[in-house]
Amino acid sequence: MLIYLPIADLPVNIFVLLATGLAVGFVSGMFGVGGGFLMTPLLIFLGISPGVAVASVSSHITASSFSGALNYWRRRTVDLQMAMALLAGGMLGTWSGIWIFTTLRSLGQLDLLIAFSYLIMLSAVGGLMVVESVRSIIRQRQNKPSVLRRSGSHTWVHGLPFKFRFKRSKIYVSVIPVFGIGYIIGVVGAIMGIGGGFLLVPMLIYFLRMPTNTVIGTSAVLTTATMALATVMHAVSNHLVDAVLSLILMVGGVIGAQFGARTAQNMPAERLRLLLGLLILAVGFRFGFDLISRPENLYSIRSLGTEP
Amino acid sequence: MIAFLRPSMFALAALATQALPVAGEELVSTIAPELISISANYSGSSVVAFGAVQASKKPAHPYDVIVTVTGPQQSVVTRRKERVAGVWLNKGSQTFTDIPSFLGVFANRPIDAIASADLLREQRIGLKRALFADSGAPKDDPYLDNLIKIRTEEQLYNEQPKGVTFLSPTAFRVDIPLPQSVLTGDYKVEFRVFSDGVPLAHNVSAFRVAKVGVEEFVIQAASDYSLLYGLATTFMALLMGWMASVVFRKD
């Protein structure tokens with residue numbers, strides 16, 4: 001059944017979109033990630049323009065993060081103080097990201113910006129994950145205990161001023177890196193249409209030494225807020241949010257996530273990470289390939305507006 | 001000009017009864033429907049125009065007809081990708097200000113055969129000639145050529161040398177296909193009658209395109225009430241997230 005996506009200006013089979021939502025939801029539930037870094041590329045590969053894909057996925061991520069955030073809130077694993085501190089940077093970051101997005105769009109380089117961001121981000125993250133998980137699988141084979149970093153150890157981050165005590169997480173750190181991390185997540189999220197959980201969680205653990213029990217819930221709260229803000233700002237500044245597309249993706253994504261979460265419980269963590277890493281790498285390479293292969297049509301047009 | 005909102009068959013009959021003896025040639029025309037509603041999920045629609053030439057005496061040569069349909073104006077930027085350091089990116093661009101968003105040129109035979117090149121240029125008949133003066137682009141401009149190519153693929157620009165059908169030596173019909181992506185607004189239809197390369201009669205009418213449906217509502221909301229639209233979409237997302245957390249609650 002073909003459905004017309006009003007903002008994407010494209011007829012798409014509704015079942016293909018639902019299946020995409022389900023598949024990405026499944027993967028995101030399996031790995032406990034938002035799935036934006038897979039959803040946005042898949043939509044682009046389906047033929048939806050990168051700008052519309054990024055803007056529409058923002059609202060999809062708002063839905064999936066909010067559902068996660070509510071679950072973690074009920075389990076009292078959200079550090080609200082930390083989330084608010086991150087959000088201060090996150091709001092400014094989202095604003096900057098939207099500004100970069102809009103500026104490059106008017107210069108005709110938005111697609112390039114999105115493709116490059118994905119190429120760099122996905123190959124870096126995917127590569128690291130693959131290396132890390134292969135190492136730990138080998139280590140397991142050789143029956144060596146996995147090396148864990150001591151959670152109490154300090155880094156240069158802890159030497160920074162303006163320290164603040166985050167009670168729920170039981171940490172005492174400077175607000176400067178907190179603000180900075182929030183800012184980075186805001187910028188990256190607005191440009192790429194991702195919640196950024198797969199960047200945020202490691203940063204909170206490695207730089208701030210946040211305990212693992214509050215890290216995921218707090219990350220979900222921040223992502224909900226930055227993605228909600230990104231959706232509104234994308235709608236206002238670029239008119240690229242396709243509500244019909246978002247709604248279909250949300251339905252598929254929400255259902256898929258439930259099945260993914262159940263499947264993941266029966267799989268070893270290292271295998272899972274290796275799988276996700278390979279998936280991320282593959283998507284990254286696809287962007288790289290599209291950048292260097294000769295486009296079918298060298299010319300493209302964009303309407304600038306209607307004279308009444 | 002009398003406006004007919006009747007189905008096309010009646011329109012043609014009405015035209016025929018209107019025939020009165022006049023000095024020289026006169027052209028009467030009608031368009032059906034005059035207001036066309038396109039729903040956004042529909043594949044498109046079409047408008048039919050009828051015309052009849054009324055003349056005091058029979059012409060020495062058969063009549064030729066060229067019909068030009070012009071949609072609302074808009075500005076368009078055309079970009080060209082080039083390879084820079086191994087990567088394909090948009091390099092050159094050219095902006096065409098206030099060019100028609102829809103342009104259809106229909107004739108009963110190739111327009112070069114109907115009138116001289118000078119006349120066609122002067123009256124700006126034909127896709128490129130109509131756009132050329134509008135945009136002020138040089139004659140052989142790859143940006144303009146590719147703009148026309150892309151728009152032609154989208155069926156927004158349309159040159160059909162066999163788009164006009166003569167029903168009798170003096171009466172003709174033309175089908176104007178409208179793809180789903182046409183803009184809403186007023187469309188100008190210019191009829192030109194030639195005989196042996198000489199312009200005999202000229203007549204302008206119009207029709208209006210409106211869009212209906214949920215999709216159109218979304219498009220309008222997104223462009224005219226963008227803040228409200230953004231907030232509503234976000235609210236919808238939060239609602240969906242909340243529902244999911246309630247329905248699939250684990251504890």
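State the number of residues belonging to the stretch B:200-232 that are more than 9 Å from chain A (Cβ to nearest Cβ), under 27 Å from B:PRO33 (Cβ atoms) and aromatic (Phe, Trp, Tyr).
The qualifying residues number 1.
Need the failing condition index for A:LEU70 against (1) more than 9 Å from chain B (Cβ to nearest Cβ); (2) touching a helix residue (DSSP H, G or I) at 6+ places or on another chain (Cβ under 6 Å), just the number.
Exception for A:LEU70: condition (1).
Working only within the stretch A:21-51, note down all residues that are more than 20 Å from A:HIS234 (Cα to Cα), surrounded by 24 or more Cβ atoms within 10 Å (Cβ to Cβ) and within 14 Å of chain B (Cβ to nearest Cβ).
A:GLY21, A:GLY25, A:SER28, A:GLY29
Right, A:GLY217: of a type in the set (Gly, Ala, Ser), more than 10 Å from chain B (Cβ to nearest Cβ) and either within 25 Å of A:VAL12 (Cα to Cα) or surrounded by fewer than 18 Cβ atoms within 10 Å (Cβ to Cβ) (or both) or not?
Numbers: of a type in the set (Gly, Ala, Ser): yes; more than 10 Å from chain B (Cβ to nearest Cβ): yes; either within 25 Å of A:VAL12 (Cα to Cα) or surrounded by fewer than 18 Cβ atoms within 10 Å (Cβ to Cβ) (or both): no.
No.
With the structure loaded, tell me whether B:THR70 is within 18 Å of the chain's Cα centre (by Cα), more than 10 Å from chain A (Cβ to nearest Cβ) and of a type in the set (S, T, N, Q) or whether it fails that test.
Yes.
If B:LYS211 satisfies all but one of (1) over 20 Å from B:ASN108 (Cβ atoms); (2) at pLDDT 90 or above; (3) buried (at least 18 other Cβ atoms within 10 Å of the Cβ), what's the number of the condition it fails?
(2)
Looking at (1) on the phi < 0 side of the Ramachandran plot; (2) not in a helix (DSSP H, G or I), which one does A:LEU104 not meet, given that it meets all the others?
Every listed condition holds for A:LEU104 apart from (2).
Scan the stretch B:14-21 and give yes if some residue there is in the same structural domain as B:ASP145 (by TED's automatic domain parsing), at pLDDT 70 or above and surrounded by fewer than 20 Cβ atoms within 10 Å (Cβ to Cβ), otherwise no. If you could, list the steps in order and put the result at the bottom.
Taking the stretch B:14-21 first, the residues in the same structural domain as B:ASP145 (by TED's automatic domain parsing) are B:14-21.
With at pLDDT 70 or above added as a condition, the list becomes none.
Checked the stretch B:14-21: no residue is in the same structural domain as B:ASP145 (by TED's automatic domain parsing), at pLDDT 70 or above and surrounded by fewer than 20 Cβ atoms within 10 Å (Cβ to Cβ).
For the stretch A:228-246, name all the residues that are aliphatic (A, V, I, L, M), within 7 Å of chain B (Cβ to nearest Cβ) and not in a loop (DSSP other than H, G, I, E, B). Quick ask: steps written out before the conclusion?
Restricting attention to the stretch A:228-246, the residues satisfying the condition of being aliphatic (A, V, I, L, M) are A:228-230, A:232-233, A:235-236, A:240-241, A:243-245.
Of the ones still in play, those that are also within 7 Å of chain B (Cβ to nearest Cβ) are A:228, A:232, A:235-236, A:241, A:243-244.
Within the stretch A:228-246, A:ALA228, A:VAL232, A:ALA235, A:VAL236, A:ALA243, A:VAL244 qualify.
Yes/no matrix, rows are residues, columns are (1) surrounded by fewer than 24 Cβ atoms within 10 Å (Cβ to Cβ); (2) more than 20 Å from A:ARG168 (Cα to Cα); (3) of a type in the set (A, V, I, L, M):
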{"position": "A:ALA53", "(1), (2), (3)": "no, yes, yes"}
{"position": "A:ALA63", "(1), (2), (3)": "no, yes, yes"}
{"position": "A:LEU70", "(1), (2), (3)": "yes, no, yes"}
{"position": "A:ARG74", "(1), (2), (3)": "yes, no, no"}
{"position": "A:LEU92", "(1), (2), (3)": "yes, yes, yes"}
{"position": "A:TRP95", "(1), (2), (3)": "yes, yes, no"}
{"position": "A:PHE101", "(1), (2), (3)": "no, yes, no"}
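So which of A:ILE176, A:ILE171, A:ILE181, A:ILE137 ends up being among the aliphatic types (A, V, I, L, M) and at pLDDT 90 or above?
Just a single option satisfies the conditions, and that option is A:ILE181.
What are the pairs, 6+ residues apart or on separate chains, where a residue within the stretch B:143-160 that is more than 8 Å from chain A (Cβ to nearest Cβ) has its Cβ under 8 Å from a residue that is among the β-branched types (Val, Ile, Thr) and assigned to a loop (DSSP other than H, G, I, E, B)?
B:LEU156/B:VAL182
Tally time: how many residues in the stretch A:22-68 are more than 13 Å from the chain's Cα centre (by Cα) and among the aromatic types (Phe, Trp, Tyr)?
Adding up the residues that qualify gives 3.
Which count do you get for residues in the stretch A:259-276 that are crowded, with 17+ Cβ neighbours inside 10 Å and either closer than 24 Å to A:LEU18 by Cα or touching a Leu at 6+ places or on another chain (Cβ under 6 Å) (or both)?
In the first step, residues of the stretch A:259-276 are kept if they are crowded, with 17+ Cβ neighbours inside 10 Å; the result is A:260-261, A:270, A:273-276.
Those left that are additionally either closer than 24 Å to A:LEU18 by Cα or touching a Leu at 6+ places or on another chain (Cβ under 6 Å) (or both): A:260-261, A:275-276.
Here the count works out to 4.
Taking A:ILE248 as the residue in question, decide whether it is β-branched (Val, Ile, Thr) and modelled with pLDDT of 90 or more. Talk me through it step by step, then tell me what you get.
Numbers: β-branched (Val, Ile, Thr): yes; modelled with pLDDT of 90 or more: yes.
Yes; evaluated as a whole, the condition is true for this residue.
The values are calculated or read from the model by the stated rules, or taken from the named source; none is laboratory data. None of the values given here were measured: they were computed from a predicted structure. Reconstructed Cβ throughout: ideal geometry from the backbone, glycine too, with neighbour counts over all protein chains shown.
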